[in-house]
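First comes the structure, then the notes that go with it.
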Amino acid sequence: MSISRALDIPLRDRNTLFLAAGYAPIYADSTWDSSEMQSVTRALKRVLAQHEPFPAVVMDRYWNVLITNESAPRFFNCFIDLAARQRSVEGPRNILHLMFDPNGMRPFVANWEDTAKGLFERVYRESIGRVVR
């Protein structure tokens with residue numbers, strides 16, 4: 001599997017390669033809130049708490065919000081009603097939906113064109129596996 005390492009293929013995708021080759025997956029694929037991830041979740045919550053009084057969120061690879069610090073909802077509620085939005089939108093809270101929705105944060109971003117371009121570029125890089133540029 002040195003090819004997958006050289007190509008920087010994510011671990012969950014390497015498991016798919018193992019299965020295709022007739023081998024069992026070797027990398028754990030736990031959810032963020034599973035018992036195996038408790039120490040990581042505690043560490044993330046500590047980082048979020050230390051980030052106060054500034055808003056901070058932890059997202060998954062699909063930009064779904066997993067956890068926030070106490071300042072994040074207060075910040076977003078200055079612009080939109082998060083509770084009403086959560087009732088009207090099915091599924092997890094998603095930062096990209098929140099940013100691009102004309103009824104979300106979009107009207108409150110002064111340099112929307114630049115922000116949208118940057119977000120599109122970031123999503124594209126992530127979709128092809130090149131997160132850092």
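The values are calculated or read from the model by the stated rules, or taken from the named source; none is laboratory data. Keep in mind the model is a prediction, meaning the values are calculated, not measured. Ideal geometry is used to build each Cβ from the backbone, glycine not excepted, and the neighbour counts take in all protein chains shown. Calculation scope for accessible area: heavy atoms of the full protein, side chains included, ligands and nucleic acids excluded. Shrake-Rupley method; radii C 1.70, N 1.55, O 1.52, S 1.80 Å.
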Is it true that residue 104 is over 30 Å from residue 9 (Cα atoms) and either of a type outside the set (A, V, I, L, M, F, W, C) or in a helix (DSSP H, G or I) (or both)?
-> yes
Per the filter on the range 1-56, residues under 12 Å from residue 68 (Cα atoms), without any contact (Cβ under 8 Å) to a residue 12 or more places away in the chain and surrounded by 11 or more Cβ atoms within 10 Å (Cβ to Cβ) are 47
In the range 97-129, how many are open to solvent by less than 60 Å² (accessible area, probe 1.4 Å) and among the charged types (D, E, K, R)?
-> 3
Can you tell me which residues in the range 1-28 are on the phi > 0 side of the Ramachandran plot and in a helix (DSSP H, G or I)?
-> none
Which one of the conditions (1) more than 28 Å from residue 127 (Cβ to Cβ); (2) in a loop (DSSP other than H, G, I, E, B) does residue 46 fail to meet, given that it meets all the rest?
-> (2)
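Inspect the range 72-94 for any residue being charged (D, E, K, R), open to solvent by less than 60 Å² (accessible area, probe 1.4 Å) and under 15 Å from the mean Cα position of the chain (by Cα) and give the result as yes or no. Spell out the reasoning first.
Filtering the range 72-94 for residues charged (D, E, K, R) gives 74, 81, 85, 87, 90, 93.
Checking which are open to solvent by less than 60 Å² (accessible area, probe 1.4 Å) leaves us with 85.
In the following step, the residues that additionally are under 15 Å from the mean Cα position of the chain (by Cα) were identified as none.
No, the range 72-94 contains no residue that is charged (D, E, K, R), open to solvent by less than 60 Å² (accessible area, probe 1.4 Å) and under 15 Å from the mean Cα position of the chain (by Cα).
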Sole exception among (1) over 25 Å from residue 122 (Cα atoms); (2) of a type outside the set (Gly, Ala, Ser); (3) open to solvent by 80 Å² or more (accessible area, probe 1.4 Å); (4) part of a loop (DSSP other than H, G, I, E, B) for residue 61, by number | (1)
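I'd like to know if the range 64-78 contains one or more residues that are part of a loop (DSSP other than H, G, I, E, B), of a type in the set (Lys, Arg) and touching a residue at least 12 places away in the same chain (Cβ under 8 Å).
Initially, the range 64-78 is screened for residues part of a loop (DSSP other than H, G, I, E, B), giving 69-70, 78.
Narrowing the set further to residues that are of a type in the set (Lys, Arg) leaves none.
Checking the range 64-78: not a single residue is part of a loop (DSSP other than H, G, I, E, B), of a type in the set (Lys, Arg) and touching a residue at least 12 places away in the same chain (Cβ under 8 Å).
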Scanning the range 79-101 for residues that are part of a loop (DSSP other than H, G, I, E, B) and of a type in the set (A, V, I, L, M, F, W, C), which turns out nearest to residue 59 (Cα to Cα)?
-> 89
